[in-house]
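The values are calculated or read from the model by the stated rules, or taken from the named source; none is laboratory data. This one's a predicted model, so the numbers in the text were calculated from it and none came from an experiment. Please note: Cβ atoms are built from the backbone with ideal geometry, for glycine as well, and neighbour counts cover all protein chains shown. Surface areas here come from the heavy atoms of the whole protein model, side chains and all, with no ligands, DNA or RNA. Shrake-Rupley method; radii C 1.70, N 1.55, O 1.52, S 1.80 Å.
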Amino acid sequence: MGCTYSVYGVGRKKKLSIPEVVVFAPCMRIPAQCDLQRALKGLIPRDVIDKLSCLRNRIALVADDTSGSAITELRQALEEYLSILIGLTKKEHGLENLVEFKWKNLVDGRQETSVANAWFELLSVVHMMAMLTLCEADTIMIPKDYSGSGFRVVSTDCKRDAVDLLLKAAGYLEFCVRNVLCCIPPEIKKSMSKDLQDGVLEAISIQALGQGTEIQLGLAIESQKATLSVKRRLACELLIYYSQAYQCISGCDLSHGYGKKHMWFIKWKFLEAKAAAYYYHGLVLDKGSEPTCHISAVCCFLAAQELLVESKKACISFCLATPVTRAPPLWGAMKHLHQKIPEVASRKSQMYGYLLEQEKALQSLPELPDFQLSLRPDDYELPAIDPAWDSGNWEKQGQQPLKDHLNDSEDEIETE
């Protein structure tokens, strides 16, 4: 994904790849090596420990080897791992704080966090599932082939699949905020990666809904059946989503690796959304017969034009923020709006220039209408706990309850 360009050094040529971003996902975190065997030996059956360790190591290995691109395989392994990991979070087992779980940044391999809490591990796993889903949506929206005209073509089915994936990712993140973070003690939260802050997770969830709405707006623009009112509603909803995402992230510590880039992405998309909202609101107002309607419409068109210029600057700042990325060619709704807004703003301001001169007191930007949001995150539930955690099954298989395993562990130590 993404193009390459050459950088010439002394006596050698080095190719650097700058990735293209349509759907923004902060850097993926993957499991780093930790000693499950030592921490849990004697407390639960060996086969349960082996299964935990094997699945966790498999996730780390596949993610490392494929840079997270083996999405289907990783998702399946993460679901399997979750079903057995849940057992460590059960209070009756008393195992919540025994294992020191380690995670690292996929891009540079730097170990970010090491936390002895099973709920932190569960949070990290569901977060990784969300990032994989966002990456999958991004891949769908960046096709490998181009049409003969030189323009990017993404099929309607791919766009709809991307919306479904965005809703799924939003569901994972909403689950993290509502059902997992509340189980982690405040002192442990302070030691966690900044990527796992409540506000950051909420912002990513909401912006995923926003990007889904942007795709829907693009589909509405392409459809002959979609009315102007429908397009205005979608544009206003898009603005509301990014306003909410901005509010969530503005109170967070953004000093971590992707923090500033994430903020610039939201600013960029917020400005684009606001331009779209004013443009379509202006078109609706311009349908009126009163001079005030046309004046308000022109104010909307001119505001949209200014916002579009600012959005381009924000896009550049996003791309240049570490790590450097490329913006995609204009596509969908924004491709249409970048063509139409300057054209309509120029034509309408000339057409109604005499009204603007006569009624200067009426030259104020009208308020945008408020709409109830249409998209909601998909509901997510944890998988059923693995049957291996049923102590009755341990006894049937000739294994012992947890307390007896403690005694076995002490005997083994003495023997050694």
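Restricted to region 182-215, and to residues there that are free of Cβ contacts under 8 Å to residues at least 60 places away in the same chain and either surrounded by fewer than 18 Cβ atoms within 10 Å (Cβ to Cβ) or not in a helix (DSSP H, G or I) (or both), the residue that is farthest from the chain's Cα centre (by Cα) is Glu187. Within region 266-308, being at pLDDT 95 or above and outside any helix (DSSP H, G or I) holds for no residue.
Residue-level check: of (1) assigned to a loop (DSSP other than H, G, I, E, B); (2) open to solvent by less than 70 Å² (accessible area, probe 1.4 Å); (3) hydroxyl-bearing (Ser, Thr, Tyr); (4) over 30 Å from Glu79 (Cβ atoms), Ser311 misses just (1). Summed over region 29-41, the residues that are open to solvent by 10 Å² or more (accessible area, probe 1.4 Å) and either among the hydroxyl-bearing types (Ser, Thr, Tyr) or out of contact with any strand residue (DSSP E or B) (no Cβ under 8 Å at 6 or more places or on another chain) (or both) give a count of 5.
Regarding region 69-79, can at least one residue be identified that is surrounded by 18 or more Cβ atoms within 10 Å (Cβ to Cβ) and without any contact (Cβ under 8 Å) to a residue 40 or more places away in the chain? Taking every residue of region 69-79 in turn, at least one turns out to be surrounded by 18 or more Cβ atoms within 10 Å (Cβ to Cβ) and without any contact (Cβ under 8 Å) to a residue 40 or more places away in the chain. Tell me whether region 141-148 contains one or more residues that are part of a helix (DSSP H, G or I), out of contact with any Pro (no Cβ under 8 Å at 6 or more places or on another chain) and not hydroxyl-bearing (Ser, Thr, Tyr). Taking every residue of region 141-148 in turn, none turns out to be part of a helix (DSSP H, G or I), out of contact with any Pro (no Cβ under 8 Å at 6 or more places or on another chain) and not hydroxyl-bearing (Ser, Thr, Tyr).
Rundown of residues vs (1) more than 19 Å from Pro186 (Cα to Cα); (2) open to solvent by 10 Å² or more (accessible area, probe 1.4 Å); (3) in a helix (DSSP H, G or I); (4) at pLDDT below 95, yes/no style:
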site	(1), (2), (3), (4)
Tyr81	yes, no, yes, no
Asn97	no, yes, no, yes
Val107	yes, yes, no, yes
Glu112	no, yes, no, yes
Trp119	no, yes, yes, no
Ala137	yes, no, yes, no
Arg152	yes, yes, no, yes
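Screening the candidates His256, His294 for the property of being in contact (Cβ under 8 Å) with a residue 40 or more places away in the chain, of a type outside the set (Val, Ile, Thr), touching a strand residue (DSSP E or B) at 6+ places or on another chain (Cβ under 9 Å) and open to solvent by 20 Å² or more (accessible area, probe 1.4 Å) yields one hit, His256. As for region 42-65, it holds no residue that is touching a Gly at 6+ places or on another chain (Cβ under 6 Å) and open to solvent by less than 20 Å² (accessible area, probe 1.4 Å). Every listed requirement among (1) modelled with pLDDT of 95 or more; (2) open to solvent by less than 60 Å² (accessible area, probe 1.4 Å) is met by Asp379 save one, (2).
Rundown of residues vs (1) in contact (Cβ under 8 Å) with a residue 60 or more places away in the chain; (2) closer than 24 Å to Val163 by Cα, yes/no style:
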position	(1), (2)
Pro19	yes, yes
Val22	yes, yes
Cys27	yes, yes
Pro31	yes, no
Cys34	yes, no
Gln37	no, no
Arg56	no, no
Asp64	no, no
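Is it the case that Thr72 is modelled with pLDDT under 95 and assigned to a strand (DSSP E or B)? No.
Listed here are the residues, each with its yes/no results for (1) crowded, with 21+ Cβ neighbours inside 10 Å; (2) among the hydroxyl-bearing types (Ser, Thr, Tyr); (3) under 22 Å from Leu283 (Cα atoms).
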| position | (1), (2), (3) |
| --- | --- |
| Ala235 | yes, no, yes |
| Leu239 | yes, no, yes |
| Ser243 | no, yes, no |
| Trp268 | yes, no, no |
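From the list Thr133, Thr227, Thr156, Thr139, the lone residue that is closer than 24 Å to Lys274 by Cβ and among the hydroxyl-bearing types (Ser, Thr, Tyr) is Thr227.
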